[in-house]
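Readers should treat all values here as calculations from the given coordinates under stated rules, not as data from a laboratory. Since this is a predicted model, take the numbers as computed values, not measurements.
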């Protein structure tokens, strides 16, 4: 199997309706001050995400668990089409070394009630790795759905 082979075990696809316009949801993924409010599974904080939003630019997020454990995700932006699509790489960083890299594509389409977010992460090495990410992303999307401060609502 080559690195570009896509099978069911190596792909994670999720959909959510986010109650905000595509421009706001896109900004929630790309503006550090907004990203910090929802990035990471429930119970985690991400106090200082770093974002260099340009093709070839990088990002780095340090998600901190309630017990103080840190989980660092890094990657590079491949495509940026505000407010429709974002493509970037993803890898966990541990002790300064990056692990296996996957690619994420997020699309933002206007829909009744807000934005239809379609999330596709591919090139996992195994189904269990994909399943762990599915749990984490679903938890993060729960937080994104509840986020109202970036909408200007109180």
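The table for this structure:
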| item | result |
| --- | --- |
| Percentage relative contact order, the chain, counting C-alpha pairs under 8 Å, at least six apart | 29 |
| Correct option for volume of the Cα convex hull per residue in Å³ [calculated from the coordinates] among (1) 99; (2) 116; (3) 129 | (2) |
